[in-house]
Amino acid sequence: MSRTLTGLLVGLMLALSPIGASAQQKAADPAVLAKGEYLARAGDCIACHTAREGKTFAGGLPMKTPFGTLYTSNITPDPQTGIGTWTSDQFYQMMHNGRFPDGGLVYPAMPFASYTKVTREDSDAIYAYLRTVPPVRQLNKPHDLTFPFNNRSLILGWRTLFFREGEFKPDPTKSAEWNRGNYLVEGLGHCGMCHTPINALGGSKQSQAFEGGLIPMQNWYAPSLTSNKETGLGDWTIEEIVDYLRKGVSAKGAVYGPMAEVVYNSLQFLNDDDARAMAVYLKGLAQGGPPEKASTSLPSAESSLLLSFGKSIYDRDCASCHGATGQGMPPDYPPLAGNQSIQMVSAVNPIRMVLNGGYPPGTSGNPMPHGMPPFAQKLSDDEVAAVVTYIRTAWGNRGEPVSARQANELRAATLN
Amino acid sequence: MAARVLACAPCHGAEGEGTSDAYFPRLAGKPAGYLYNQLIAFRDGRRKYPPMNYLLEFQTDDYLKKIAEYFASLRPAFPPPVPPVDSKEILARGETIVKNGDPQHGIPPCSACHGPTLGGMEPGIPGLLGLRAAYISGQLGGWRYGTRTAFAPDCMQIVASLLTEDDVKAVAAYLSSRPAPADPSFAPRGSLPMPLECGSEPH
């Protein structure tokens, strides 16, 4: 082994096993640790289990829900306040079955409903890795939930409706790549947590309020990944999907809102094979005929007025980046013509983009992204409605018109 | 770089020169280290202004540094100072605090850190000229009410909480009545014996 390589390995080991790590820790195999670290990235544990400017994995991040605020747990190996005394069996039980070591029920804001698909071997690798991160002494903050949601036994109802325990079983009729993609998307990736109408806490009545993937408290809409009408991934190439997931920008569109967080903290770290596998699986999900036509619900005279008003705003404020015919300048400025993510039935996303602007995340594949200015001050509700209606219906796009009221309601949306 | 930061232009102007809205600050020509500290503070939520917290949330340190260096390098013209509307007494009170402080109430002179010409000090202390009164009092208020914090020890938090409402008004009135220098002249790093320790200006 060359000297530099040995040096690198020693450096890696040192970085992975800080002084003070639990004494009972066996000299874990560096390959297993590296794998565990990679899988923890794929599961995006860090995004939820690290507070802003807080210590890594020490928890304390507030998660706002319609029922109150949950605080994430300390998952560093500190024996008193973290999970330093947990065995790998107990850790697997948490990931796989959503139960604490004493059998208590875990709130599904911890995405065990997806992690249940994770194999025992992968769970053990994450466990081994988490034992090597610097232990942090920091007590968990008690959750602040309203009655009756502060009663953990309610979780039983949610579990009966939505939780299916079970490790991933490969489909022998599909390729290894497809199966790997399926495993990552449905398991560690916990993509379903945002991309399905089931919300993490409600379950019964409450969940219906958010049907269609409107993320509670955040007012962003996560399209269904199984419908070509909503995502249109069926028309994307594998390379475009890979770029979207890993760089955050692609020839077809850029990530924004909560999806930017997922790319920033998790997906950009996927290796080539896994990113491709995910893309293959996602593309397969979305196939099933071209996107349906939506019928426009405005009488034509009124809509043509709205459209010409919208076009004048577009030409003045948007065309310099998104192009006169919505073709964009990818990857810097996403195209709007044919961009499925702005044509969904829910117009929340394009309205919010116009009000708030945005930057795709800074990733290793796109470290200095171009941004879009917010128009909340410049444009009135009528103007926002007109320009969003225009981009949803021009150039062959098939979205429905939006009203000034919809635009007005989203001015109050929480920004971050 | 100009194209990458067009998203900032509606509020800060295409060259970081500021806009007619008094609360939207000029960025051009401020010390790069200072701007960088502010961008990090917005990204991490220590300094709060939701539209900016949101825009910067997923950007790396490296990129924020480049953005800071870019705006620090620009030199658009300053708008002429607005003729003061406040009384001579208020302006004189402001001038005294800025130049001499108020030893009786433990207030250090602003010039002790911001420099004798109020041009700022490298790397992390900004100049105080060319800012508008509403912005200056808004920021001092931000420190007093906790919506703006700098790296600990946060000396400006201490300074701001020593000032009374009237002091804030006087200081803002005086500073905004002074013409800004065409070219910023920062005092060199470590050249001023600062009366308090500041986390943003390590020595």
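Assess whether A:V388 counts as being within 13 Å of chain B (Cβ to nearest Cβ), crowded, with 21+ Cβ neighbours inside 10 Å, hydrophobic (A, V, I, L, M, F, W, C) and closer than 19 Å to A:S308 by Cβ.
Against the criterion (within 13 Å of chain B (Cβ to nearest Cβ), crowded, with 21+ Cβ neighbours inside 10 Å, hydrophobic (A, V, I, L, M, F, W, C) and closer than 19 Å to A:S308 by Cβ), A:V388 does not qualify.
Can you tell me which condition A:M368 does not meet? The list is (1) within 14 Å of chain B (Cβ to nearest Cβ); (2) surrounded by 21 or more Cβ atoms within 10 Å (Cβ to Cβ), and all the others hold.
(2)
Examine the stretch A:374-384 for a residue that is in a loop (DSSP other than H, G, I, E, B), closer than 19 Å to A:D243 by Cα, within 9 Å of chain B (Cβ to nearest Cβ) and not acidic (D, E), and state whether such a residue exists.
No, there is no match, as no residue in the stretch A:374-384 is in a loop (DSSP other than H, G, I, E, B), closer than 19 Å to A:D243 by Cα, within 9 Å of chain B (Cβ to nearest Cβ) and not acidic (D, E).
Does A:A47 fit the bill of being in contact with a helix residue (DSSP H, G or I) (Cβ under 9 Å, 6 or more places away or on another chain) and within 20 Å of A:F269 (Cβ to Cβ)?
Here the answer is yes, as A:A47 does meet what is asked.
In this structure, does B:L64 turn out to be out of contact with any His (no Cβ under 6 Å at 6 or more places or on another chain), within 14 Å of chain A (Cβ to nearest Cβ), buried (at least 21 other Cβ atoms within 10 Å of the Cβ) and at pLDDT 95 or above?
No: the conditions fail for B:L64.
If you check every pair at least six apart or on different chains, which have Cβ atoms under 7 Å apart with a residue in the stretch B:111-122 that is within 13 Å of B:P31 (Cβ to Cβ) first and a residue that is β-branched (V, I, T) second?
These pairs meet every condition: B:C113/B:I125; B:H114/B:I125.
Does any residue of the stretch A:325-343 turn out to be more than 13 Å from every other protein chain (Cβ to nearest Cβ), over 25 Å from the mean Cα position of the chain (by Cα), surrounded by fewer than 17 Cβ atoms within 10 Å (Cβ to Cβ) and part of a helix (DSSP H, G or I)?
Checked against the condition, which is being more than 13 Å from every other protein chain (Cβ to nearest Cβ), over 25 Å from the mean Cα position of the chain (by Cα), surrounded by fewer than 17 Cβ atoms within 10 Å (Cβ to Cβ) and part of a helix (DSSP H, G or I), the stretch A:325-343 yields no hits at all.
Do you know which residues across the stretch B:135-181 are touching a Lys or Arg at 6+ places or on another chain (Cβ under 7 Å), hydrophobic (A, V, I, L, M, F, W, C) and closer than 16 Å to B:C113 by Cβ?
Answer for the stretch B:135-181, where residues must be touching a Lys or Arg at 6+ places or on another chain (Cβ under 7 Å), hydrophobic (A, V, I, L, M, F, W, C) and closer than 16 Å to B:C113 by Cβ: just B:A160.
So, in the stretch A:347-363, of the ones that are among the small types (G, A, S) and within 9 Å of another protein chain (Cβ to nearest Cβ), which residue ends up farthest from A:E383 (Cα to Cα)?
Within the stretch A:347-363, the match that is farthest from A:E383 (Cα to Cα) is A:G362.
Tally up the residues in the stretch A:385-416 that are polar (S, T, N, Q), part of a helix (DSSP H, G or I) and more than 19 Å from A:G257 (Cβ to Cβ), please.
Of the residues in the stretch A:385-416, 3 are polar (S, T, N, Q), part of a helix (DSSP H, G or I) and more than 19 Å from A:G257 (Cβ to Cβ).
Of all helices (runs of 4 or more DSSP H) completely enclosed by the stretch A:270-323, which ones contain at least 2 residues that are out of contact with any Cys (no Cβ under 8 Å at 6 or more places or on another chain) and either over 22 Å from A:G399 (Cα atoms) or at pLDDT below 95 (or both)?
By residue number, A:272-286, A:300-317.
Kindly indicate which of B:A173, B:A152 is more than 19 Å from B:Y135 (Cα to Cα) and in the same structural domain as B:R93 (by TED's automatic domain parsing).
None of the others qualify; the one that does is B:A152.
Please identify the pairs in which a residue from the stretch A:98-125 that is within 21 Å of A:K64 (Cβ to Cβ) has its Cβ atom under 7 Å from the Cβ atom of a residue that is of a type in the set (D, E) and at pLDDT below 95, counting only partners at least 6 apart or on another chain.
A:S114/A:E186
Residue check, B:A72 against (1) within 14 Å of chain A (Cβ to nearest Cβ); (2) under 18 Å from the mean Cα position of the chain (by Cα), all met but one. Which one?
It fails just one condition, (1).
The values are calculated or read from the model by the stated rules, or taken from the named source; none is laboratory data. The shown structure was predicted, so the numbers you read here are calculated from the model rather than taken from an experiment. Because the Cβ atoms are built from the backbone with ideal geometry, glycine has one as well, and the counts that use them run over all protein chains shown.
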